[in-house]
Amino acid sequence: MIKVFLIGIKDVKIRARDPSSFIILLVMPLILILVLGMVFQPLWTSTPFTIDIAVLDEDNGEFSKILLDEVFGSEQLKDMVKIKYVESKEEIINEVNKGKIAAGVIIGKEFSQAIMTGEDTRIKILADPEQTIKAGVIKNIVEAFTLEVLKRRIILGTSMGILVAKNLINPAEIQQLIPVWLSEIENMEELIRMDKKTEKRMDKNPLAMEYYAVGMGVMYILFATNAGAETIFQERRNKTLERIKVAPVSEREILGGKLFGIFLIALLQFVMIVFFTRIFYRVNWGDSILGIIIMIFSSVLAFSGLSTLLASLTKSEEQIGNIGPALAMIFGFMGGGMWPAFAFPDWLNMVSKFTPNRWAIDGFLKLMYQEGGVVSILPEVLVLLGMATVFFSLGIFRLRMKGVKVD
Amino acid sequence: MIKKVLVIAFNSLKVTFRDKGNLIWLIIMPIVWTTLIGTMSTTGGGDEKIPVGFLNSDRGIYGEVFEEILRKEESIKIVAMAEDDEDKMRNSVKDTKLSVGLIIPGDFSEKLKVREQVVIEILKSQGNSSYFLEELIEKTAHRISINALAANFTVEKISERRVVLEEEVLEDEKERIWEEAFVKADAFFEPAPSIGIEYVVLSVEKRDENIPIGVEASSPGFAVMFVMMGVCFAGVAMVQERHHKTLARLLTTPTEKFSIISGKMLGFFLVGFIQFMILILFGQLVLKVNWGNLPLGVLLLVVSYVLSVTGLGTLLSVVVRTSAQAGAFAVLISMVTSMLGGAWWPIEIVPRFMQNIARFTPQYWAINGFNKIITRGFGITEILPNFYVLLAISTISLLLAIRFFRFE
Amino acid sequence: MMNIIEVKELTKVYEGRKAVDSVSFEIKKGEAFGLLGPNGAGKTTTISMLSCLIPPTSGDAHIEGKSIIKEPIEVKKRIGVVPQDIALYPTLSARENLFFWGEMYGLSGRRLKEKVDEVLQVVGLTERSKDRINKYSGGMKRRINIAVGLLPSPKLLILDEPTVGVDPQSRTNILESLRKLNKGGLTILYTSHYMEEVEFLCDRVAVMDLGKIIAQGTQNELRLLAGKMDSLKISTIDEVQMRLVEVIKKVSETDEVKIADKAIEILTLQGRKVLPKIIELLGNNSIRIKSVEVEEPNLESLFLHLTGKELRD
């Protein structure tokens, strides 16, 4: 049994001396976590971003002023929406085409007039196809404004219409009644209030940096275990396998040692990622140390199994060197390492449950954002261990069929 | 001399494509990746309708009116829930089987009629972006609210008037008038609100509804990323060639140094160029991605972009010592610069300072250029700046690569 | 006879250390010239300068009158180089490799095809030429490595330890082919730290150590330098008469002849040439021979003599 450990530890030593594996397994995930975290943090916490727009106010009337001064100029919006006033539609199109503004707002000449006289009118919004998210925000703001104006027209129009039809008011009175009624309408409050409730799966909203520390960290376990599995082939090439076989070590011990090496490399790598992200990115991996340890072990086991299976299915170092990282990236993505799985479409959500990544990520997130503690991760741990068992059995079976060949 | 350059380039092309592993990374992986991510981000844009749970406990009819108006929206699908299914709906929302859930209370109609505020509940799930749906529901609620206000106002005014005329208004007449006013008010919203907005996206043409927006956006982005990766991997091959000493042996043949270097670089360029063409063709033919109507412009961008990454790939191969290192850097550099350059997500969503960083990556200029052609429908003149910037990046990186080129 | 290559005081300094120190030699047309020395003697550096891979710090060399400094391309057109490493594309077939390198030497079309077939014939790998290099054994890779150097029909073939890591049988095979090529008129510059290879193949030899040529000449001249001659020890059944001393001296062109009743000891420069004559002489005098022992000084002993150390440390 001691030989199993010796072979494993030797593999770790060899890895540790190879600077390129250091880059692949430690520097790279840390950089990716940083980039992804920085990009998505403002989005996830919905920090307001600034939106540049251009406005062409041909109307210059009462209502266009309300929109520009009281809506866009309001406390809430004045720091978020930056307005540039322009003189022509061409100028707007030009600015949009340059990508300088997200949208251009055109208030036509007759806008205020049309509102007063009850004619149809529209505010035109020209959006940059590359900034449809920001343009969409502008669209909603302007639409809310027009709806507010429309509200007055509808209430006034409906009531006047019916009362006139019923001969309850004299058409001659109308001009005189309008301002009175309008002031009444002005103060009407919305009748329907919406109560938005988030059905929580987690007690806190995940921070992007923390989410990607988990997602990337888990994805890179597979990179690490693959690198470990490659050593089976490397050792064959360097003829050191031959040498181990000549020594009084059983085939079972060699295989066990190699698999232990795979596990150990990935374990170290992942622990280092947890450690570094905790210190440098201040990622809080949760309060339950026991839970974290259990999750680390079961995830690393599952991925070690996967790589063993992969090694048993490939023929050469090059093959596993090429398929391995590709698989790691695809699994990383499908398991929710790059994009939260709960935002997946149904089919992908289903498929993702076949990857160890999904369960590992879910488990870690539970520890980070739920109060359940160790007990709550039981399903994830069981699935991961189950996967580990299946992968290992198949992999070892196939590897033994092939024999740890020496040629 | 030209002939030797071509022979060297063709030879490294042969060596690159003969390696099965390279094929995985050059062709198969980008195709799988683009398809996967494309279909994922298609939700909401494609044929699939977003499921919205609707639980109506209203004793009156206006809950149903709410549902009817909502049903007219093409992008959503109403899933009606029975009154005692509230927990079931909550769970469905939690598991994202329903994008949002809506609960109309029992006194909805009653309260509307007496002009009292009524609360409807919107359930959403954590992390699921339902912003668009909330807007939609809010708009509908607003519409019903306005109608109800109009109806109440009308009834009030009629009562006032009748009091003046000393007539009494009967309760069931009030009811009738209320309903009539509601319908009349609602007519203001059909076919479109009489005061409203006209929203035009300044893209080249109306989208064909069958084209998944997700793939369309991700295809150029990921093509750009994987081409950089591909060229960098060709750089890895040159590290191997240094290791095999074939590069040094070339110097013993009567071949000019410059021919060797340009031959090698031409080889890298061709690898990237061929890969890009395959990915464009795959996108256009299989994923039905629209690559715009300016083949010449696309070609200019492809050529200048591939040139710029050729320089970077060569530089990489010159800087690193072992092919394992080169491989690691190839993936790292191409992924990170692609993320920064906007290949993974629209650049508009990232903070301003990161948008500025993006300008230092060739990916940004390529993607920006493709967008000019694909979404904005621009001509050659407008993409020339992108072309020039990419050429500048190419010149600098190629010169550096030539300066530091190592044969051993 | 005309000199194919003339090397004059070629020097290469690396970080203040003289890797090659004022090396001079020339090779005549049709000659096989050996550069012998231990690892790190500066052989590969010398070869690299001659094949224009690295510029010399000082000195120059001319190949058919073309300077390696001023006209490297002209030089490269005249030489075929076989590097120490198997510098071939492992994933391409032997034929693909040869075609590529042929084009690099400026061959094309029918001439290229003929030449490729010819060199494959020379190294005896015509049948396996469609296989990828990485499927080849070490010896076969070496043979293709040499074949590439033969492609340009060089005036001078430079080989840098072309038999490293090759099994004895392949080595013999390679050396035999090289000798055949040399006999066919090809000038060869051969470096090795295997004394036997150089002795087998080369007419003239330069011995290098620590960047310097410490001895140079034909194999015989070098042996002379070693200060030792071949020693022939003949023991006989019958007694050898003293009167034969003078005759033996005359036949073996040496004064160093000793006779003790049933033994003769001769020190001569040309042991192999002399031996048959002595045997004939003894036969004529009815002296039966019991045993003959020939001891020739070799390059190994020369090296030991010059430097006080073994060729292979």
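Just so you know, all these numbers are worked out from the coordinates, no wet-lab data involved. Since this is a predicted model, take the numbers as computed values, not measurements. No Cβ is skipped: glycine too gets one built from the backbone with ideal geometry, and neighbour counts run over all protein chains shown.
For chain B, what is the calculated [θ] at 222 nm in deg cm²/dmol (nearest 500), taking -39500 (n - 2.57) for each run of four or more DSSP H residues and dividing by its residue count?
-21500 deg cm²/dmol
As a check on your grasp of the helix formula, calculate [θ] at 222 nm for chain A: sum -39500 (n - 2.57) over DSSP H runs of n ≥ 4, divide by the residue count, round to the nearest 500.
Theoretical 222 nm ellipticity from helices: -21500 deg cm²/dmol.
Step through the residues of the range A:103-119 one at a time and calculate ³J(HN,Hα) from phi using the Karplus curve (6.51 cos²θ - 1.76 cosθ + 1.60, θ = phi - 60°), rounding each to whole Hz and writing x for Gly and Pro.
Going residue by residue, I get 7, x, 10, 10, 9, x, 3, 8, 4, 4, 4, 5, 5, 5, 8, x, 8 Hz, with x marking Gly and Pro.
Under the rule of at least 5 residues apart or a separate chain, name every residue whose amide H is placed under 5 Å from the amide H of residue C:32.
Sorted by chain and number, the residues that satisfy this are C:188, C:203, C:204.
Ranking C:223, B:359 by Cβ neighbours within 10 Å, fewest first, what do you get?
Sorted ascending by nearby Cβ count, the order is B:359, C:223.
Nothing charged except the Cβ atoms of Lys and Arg (+1) and of Asp and Glu (-1): what's the magnitude of the dipole of the range A:49-186 about its Cα centre? Round to the nearest 20 debye.
Approximately 300 debye in magnitude.
Looking at the protein assembly as shown, send over the antiparallel percent of its DSSP beta bridges, to the nearest 5.
So the antiparallel bridges amount to about 45 percent of the total.
Return the single residue from B:350, B:306, B:331 with maximal mean-square fluctuation; model: Gaussian network over chain B, springs between Cα atoms under 10 Å.
B:350
Search the structure for amide H atoms under 5 Å from the amide H of residue C:20, placed 1.01 Å from N in the peptide plane, and list their residues when 5 or more places away or on another chain.
So residue C:20 has HN proximity to C:12.
Dipole magnitude of the protein assembly as shown about its Cα centre, charges +1 at Lys/Arg Cβ and -1 at Asp/Glu Cβ only, in debye to the nearest 20?
I would put it at about 6840 debye.
Name the residues whose placed amide hydrogens come within less than 5 Å of the amide hydrogen of residue A:370, ignoring near sequence neighbours (fewer than 5 apart) on the same chain.
The list, which skips near neighbours in sequence, is A:203.
Longest span of chain A, sites excluded, free of trypsin sites (Lys or Arg not before Pro) in DSSP loop with at most 16 other C-beta atoms within 10 Å?
With trypsin sites (Lys or Arg not before Pro) excluded where exposed in loops, chain A gives A:18-99 as its longest stretch.
Any of C:135/C:180; A:65/A:197; B:14/C:76; A:197/B:113; B:257/C:115; B:72/B:372 with alpha carbons more than 30 Å apart? Name them for me.
Table pairs above 30 Å Cα-Cα are A:65/A:197; B:72/B:372.
Please state the charge dipole magnitude for the range A:220-363, taken about the Cα centre, from unit charges on C-beta atoms (+1 on K and R, -1 on D and E), reported in debye and rounded to the nearest 20.
Result for the range A:220-363 is approximately 220 debye, rounded to the nearest 20.
Are there any trypsin sites (Lys or Arg not before Pro) in the range B:66-100 that are in a DSSP loop and have at most 13 other Cβ atoms within 10 Å? List them by number.
Loop-located and lightly packed - B:72.
For a test of the definition: using alpha carbon positions, the gyration tensor, and the 1.5 limit on a/c, classify the range C:1-70 as rounded, prolate or oblate.
oblate
For chain C, count the residues as N, evaluate 2.2 N^0.38 Å, and divide the Cα radius of gyration by that value, please.
1.20
What distance in nm separates the two pseudo spin-label positions at residue C:57 and residue C:29, each 7 Å out from Cα along the beta-carbon direction?
Label-label distance for residue C:57 and residue C:29, simple model: 3.6 nm.
Using a 7 Å offset from the Cα along the Cα-to-Cβ direction at both residue B:180 and residue B:78, what is the distance between the two label points in nm, to one decimal?
Taking the two extended label points, one gets 2.7 nm.
Within the range A:118-198, list the GluC sites (Glu not before Pro) lying in a DSSP loop whose Cβ has at most 12 other Cβ atoms in a 10 Å radius.
A:119, A:189
Mind checking which of C:222, C:81, C:93 is farthest towards the positive end of chain C's charge dipole, using Cβ charges of +1 (Lys, Arg) and -1 (Asp, Glu) about the Cα centre?
C:93
Please identify, among C:104, C:242, C:140, the residue showing maximal mean-square fluctuation in a Gaussian network model of chain C using a 10 angstrom Cα cutoff.
Comparing C:104, C:242, C:140 in a Gaussian network model of chain C, the most mobile one is C:242.
For residue C:273, which lysines qualify as cross-link partners when the Cα separation must be under 17 Å and same-chain residues fewer than eight apart are set aside?
Leaving aside lysines fewer than 8 places away in the same chain, those within reach of residue C:273 are C:228, C:233, C:249, C:250.
When the scattering of the protein assembly as shown is computed by the Debye formula from its Cα atoms alone, each counted once and equally, what is log10 I(q)/I(0) at q = 0.05, 0.06, 0.09, 0.10 Å⁻¹?
Calculated log10 I(q)/I(0) at the listed q: -0.52, -0.68, -1.14, -1.29.
What net charge is computed for the residues neighbouring residue A:52, neighbours being all others with C-beta under 9 Å from the C-beta of residue A:52, Lys and Arg scored +1, Asp and Glu -1?
Value of the local net charge: +3.
Of A:258/A:315; C:155/C:183; A:139/B:94, which ones are farther than 20 Å apart at the Cα?
A:139/B:94
Does a label point 7 Å from the Cα of residue C:210, set along Cα-to-beta-carbon, have any residues of the range C:278-306 with amide nitrogen under 16 Å, and which are they?
C:303-306
How far apart, in nm, are the 7 Å Cα→Cβ label points at residue B:2 and residue A:80?
Reported label-point gap for residue B:2 and residue A:80 is 6.1 nm.
Over the range C:229-296, with a single point scatterer placed on each C-alpha, what log10 of the ratio I(q)/I(0) does the Debye formula yield at q = 0.18, 0.19, 0.26 1/Å?
These q points yield log10 I(q)/I(0) values of -0.55, -0.61, -1.25.
Quick one: 3J(HN,Hα) in Hz for the range C:191-197, Karplus 6.51/-1.76/1.60 with θ = phi - 60°, rounded, Gly and Pro as x.
Residue by residue, the range C:191-197 yields 10, 6, 10, 9, 4, 4, 4 Hz.
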